[in-house]
1. Kindly indicate whether ARG233 is within 16 Å of the ligand (Cβ to nearest atom) and out of contact with any helix residue (DSSP H, G or I) (no Cβ under 8 Å at 6 or more places or on another chain).
2. Would you check which residues across segment 1-54 are surrounded by 22 or more Cβ atoms within 10 Å (Cβ to Cβ), among the hydroxyl-bearing types (Ser, Thr, Tyr) and either free of Cβ contacts under 8 Å to residues at least 40 places away in the same chain or more than 10 Å from the ligand (Cβ to nearest atom) (or both) and list them?
3. What are the residue pairs meeting all of these: first residue in segment 200-216, first residue assigned to a helix (DSSP H, G or I), second residue of a type in the set (A, V, I, L, M, F, W, C), Cβ atoms under 6 Å, and 6 or more apart or on different chains?
4. For residues that are in a helix (DSSP H, G or I) and hydroxyl-bearing (Ser, Thr, Tyr), tally how many sit in segment 266-323.
5. Mind telling me which of the residues ALA68, ALA107 ends up being in contact with a strand residue (DSSP E or B) (Cβ under 7 Å, 6 or more places away or on another chain) and touching a residue at least 60 places away in the same chain (Cβ under 8 Å)?
6. Tally time: how many residues in segment 164-189 are under 30 Å from ALA42 (Cβ atoms) and within 14 Å of the ligand (Cβ to nearest atom)?
7. When you scan segment 284-299, do you find a residue that is more than 16 Å from the ligand (Cβ to nearest atom), over 26 Å from LEU219 (Cα atoms), more than 16 Å from the chain's Cα centre (by Cα) and at pLDDT 95 or above, even just one?
8. Inside segment 317-330, can you point out the residues that are away from the ligand (no atom under 12 Å from the Cβ) and surrounded by 24 or more Cβ atoms within 10 Å (Cβ to Cβ)?
Amino acid sequence: MKKSRITGIGHYVPENVVTNADLEKIMDTTNDWIVERTGIEARRWFNPDKDTVSNMATRATKMAADRAGIEIKDIEFIVFATITPDYFFPGSGVLLQRELGLQGIGALDIRNACSGFIYALSVADQFIKTGMYKTVLVVGAEIQSSALDKSTEGRSSSVIFADGAGAAILQATDEDRGVLSTHLHADGDYAEELYVHDPGSSRKTRLSKDMLDGKTFNLTMNGNTVFKHAVVRFSEVINEALQENGHVTEDIDLLIPHQANLRISNFVQRQFKLPDDKVFNNIMHYGNTTAASIPIAMSEAWEKGKIKEGDLICLAAFGSGFTWASSLIRW
Ligand code: UT7
């Protein structure tokens, strides 16, 4: 059976840098609180005149395709992970397809929040293993900043979430490397612990004054509950990936966790006794970009020479749903 390999990885983040000092001006918060509780020093928030989820994804895709040494027209299928699509429907996959000039090829949207990129990677991997496609574009892109309550009331979430895009070109190979396995989980009992309630379909009207007054269109998170589950599930799903492939912690060359909170990444690092140079974090600069965080981190890690041919890379994520996932990749 074929395996799938990531042959190119790229990213794009909006130019607009929002520092903790900028947030101090619009809500009751401090740089010290944000750095101590989250590790975040700055994040990117989109420019509504310039950035959309799909055009950020297009820029990330072009970088990934360049690095893979392929032409855009070689892409046969798109898997687009986002919970912040440009429209309520259709999904952003078709918008990206249009921007890339790939009219006609299939485009699938994935809505699994922070685990979305690994879910998308898994779907693309299955298509390649079965021989249906040879070159698949896998994207994670989000604009979270427009759903944040930027008043003091919403500060525990609004200091964390941010915008950006990452893309990977996944290609079929006969070599014994690439995506070794993916592991996907969910528990809908916790759906309302991290969610955006409106606009939803199961209401008399999609938009109402009550929704605007109640700010139910803003992202709502019970941070403590999410944190407690995250640290457990991250560890479980990394262990699952190692066991499935007969590997031990010491075999990991680089762990790229979803950039949820630096404290979560540090906790996982301590649990697995991984040295600093085996865990990649860039949440300091970009905040938590949900489905985009892993491909952005992977792209930067690759640029910095931290991902080399033959390395064993572990991806892991946890987020809204709850959903959690991991993947082991032999680069
Ligand atoms: O990516 C998807 C998954 N998401 C996550 O993994 C996020 C997981 N959760 C977290 O990262 C953390 O729970 C947060 C960073 C969201 C919050 O940190 P925390 O240590 O859990 O703080 P807390 O919510 O328990 O709040 C502690 C205190 C409260 O004040 P009192 O009640 O102790 O007086 C908050 O009002 O900190 C206050 N607080 C803030 N103070 C200054 C909350 N947000 C802020 C803020 N600035 N931005």
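1. yes
2. Across segment 1-54, the qualifying residues are SER4, TYR12, SER54.
3. Taking only residues 6 or more apart or on different chains, the pairs are MET211/PHE217.
4. The number of residues fulfilling the criteria is 4.
5. ALA68
6. Residues meeting the conditions: 1.
7. no
8. ALA325, SER326, SER327, ILE329
The values are calculated or read from the model by the stated rules, or taken from the named source; none is laboratory data. Source: prediction; values computed, not measured. When we count neighbours, we look across all protein chains shown, and the Cβ atoms used for this are built from the backbone with ideal geometry, even at glycine.
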